[in-house]
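A.B. asks: Pasting in a structure now, in structure tokens, and then I'll have a few things to ask.
The values are calculated or read from the model by the stated rules, or taken from the named source; none is laboratory data. For clarity, every value in this text was computed on a predicted model and none was experimentally measured. Positions of Cβ are generated from backbone atoms using ideal geometry, with glycine treated the same way; all protein chains shown enter the neighbour counts.
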Amino acid sequence: MMAAQARSILLGGIAAITATMPSLAFASKEGGGTMPQFDASTFPSQLFWLTVSLVVFFIIMRNNALPKIEEALETRRRKIDDDLDRASAHREEAEAAMAAYENALAEAAEQAKAIHREVAQEIAESATVRRTALAAKLAEDTKAAEARITAAKAPALANLQDVVIEVVQEAAAKLAGLKVSSTDAKAAVAASQKEKA
């Protein structure tokens, strides 16, 4: 490809020079003094040596310069291909790393949810145990308080009955002017309690 381009450029250059030489030769004859390269009698030898020079130049270019240019272009193409392959490999690695990161993130979220459920369950169980213990303690305290109340109730009622008997005796004495014995007052209080019950 490069050789064909170089050949077409070389042939185009030869054609351009050949086309302009007669007009330059006529222009220089009209001016009076001719330059040797524009002398029409030397055109055949000039064209011969120009062709030889261009052919030699073409051979040197084809054998030395063009292979180096093609090698440089091939090296550049290989480097670009290698760079593209490396970029593709890096992109795949990045995608794999991103997928691994997303998987790790999802696993961490699941682990966090599992830990949250476990902690919530432990807290609920602990609260249930504490509530049960508190209810048992309150039940014991209630029973103990009821027992104390019951224990305190009997002496209080006995004292109350004595007070009631005294109040009845005093009320009968003040209101009715009667003197009631403690036995009669006790019997009246007992009869009154039976009627209420």
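A.B. asks: Looking at the structure I just gave you, is I149 assigned to a helix (DSSP H, G or I), surrounded by 10 or more Cβ atoms within 10 Å (Cβ to Cβ) and in contact with a Ser or Thr (Cβ under 7 Å, 6 or more places away or on another chain)?
C.D. replies: no
A.B. asks: Hey, another quick one. I'd like to verify a number: residues in region 159-184 that are touching a helix residue (DSSP H, G or I) at 6+ places or on another chain (Cβ under 9 Å) and not in a helix (DSSP H, G or I), how many?
C.D. replies: Residues in region 159-184 being touching a helix residue (DSSP H, G or I) at 6+ places or on another chain (Cβ under 9 Å) and not in a helix (DSSP H, G or I): 4 in total.
A.B. asks: Take R62 and tell me if it is within 44 Å of the chain's Cα centre (by Cα), in a helix (DSSP H, G or I) and basic (K, R).
C.D. replies: Against the criterion (within 44 Å of the chain's Cα centre (by Cα), in a helix (DSSP H, G or I) and basic (K, R)), R62 does not qualify.
A.B. asks: Could you tell me which residue of region 44-56 is modelled with the highest pLDDT, considering only residues that are surrounded by 14 or more Cβ atoms within 10 Å (Cβ to Cβ) and within 18 Å of S8 (Cβ to Cβ)?
C.D. replies: Residue satisfying both the conditions and the ranking: L54.
A.B. asks: For S88, are the conditions met, namely being part of a helix (DSSP H, G or I), within 16 Å of I14 (Cβ to Cβ) and either of a type in the set (G, A, S) or touching a helix residue (DSSP H, G or I) at 6+ places or on another chain (Cβ under 6 Å) (or both)?
C.D. replies: Taking the combined requirement at face value, the residue does not satisfy it.
A.B. asks: Another question about this same structure. Can you confirm whether I149 is among the hydrophobic types (A, V, I, L, M, F, W, C) and either touching a Cys at 6+ places or on another chain (Cβ under 9 Å) or over 30 Å from S192 (Cβ atoms) (or both)?
C.D. replies: no
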